[in-house]
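Report on the following structure.
Just so it is clear, none of the values below were taken in a lab; they were calculated from the coordinates. As the structure is a prediction and not an experimental result, all values here were calculated from the model. Counting neighbours? That spans all protein chains shown, and the Cβs are built from the backbone with ideal geometry, glycine included.
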Amino acid sequence: MTSGSILVVDEDIESLNSIEAALQDTGGPILRARSGSMALQLATECDELAVLLIAASMSSMSGFECAERLRECPRFSTTPIVFVTNTTVDPRGFRGSQHGVVDHILSPVDPLELRSKISALLGRGVQLEPHADPDQVQFAKLEKSAKAFTHEVGNLLNNMYLQAQLLERLMLKEGAGADPSKRARLQLIMGEMQRLTTLLTEFQGPWPGLELRH
């Protein structure tokens, strides 16, 4: 079997497919295993493995046990291991380091992040889609989040305006007998909503004066 392969171990077929698709352009052959035992069998047929990408949580054999057993083979004693995990806790911090885990990535995986990590381990630098500008990729993500944010805030402000208008009509019906404190509070609320509307409008624009902190 071809040397320098990337071995991906995950019992979730959808996860396997997405990982394989993300790593197509990294250059090395990709081997798939749907269990720890299958991974051990594939490993015995390889002269060399460039990277081991292992799901931390599997039912028949955990990723930790799989990593430990692969490490027992001298050929893979220094092969970098990356865990695929569904927790935000870095597995290196509690059990991963003792099994030679050098990095981890959250599931479901982000293709760009995965290619970046694996390419760095392969010593080839970050591999991007043809003609893809990293800044444009990050800006697109930011723009998508900003649009979702402004949409939700806009809906909230619309609901607040409707409620304020209803209160205003009720107080007009009360006429001179309306509580002055209620009028003052309503004016304050309307003023705050106007301020939020102005900020939201500026946020949706070119964002003049925005300072990014590194």
Charged-residue dipole, Cβ positions (Lys, Arg, Asp, Glu), the range 5-122 about Cα centre, Debye nearest 20: 240
Sorted by Cβ density within 10 Å, fewest first, the residues Val102, Val84: Val102, Val84
Packing-based exposure ordering (other Cβ within 10 Å, fewest first) of Leu53, Leu106: Leu106, Leu53
Spin-label model distance (nm) - Asp110 vs Ser181, 7 Å beyond Cα toward Cβ: 5.0
Size descriptor, Kirkwood hydrodynamic radius, that averages inverse alpha-carbon separations across the range 5-122, Å: 13.8
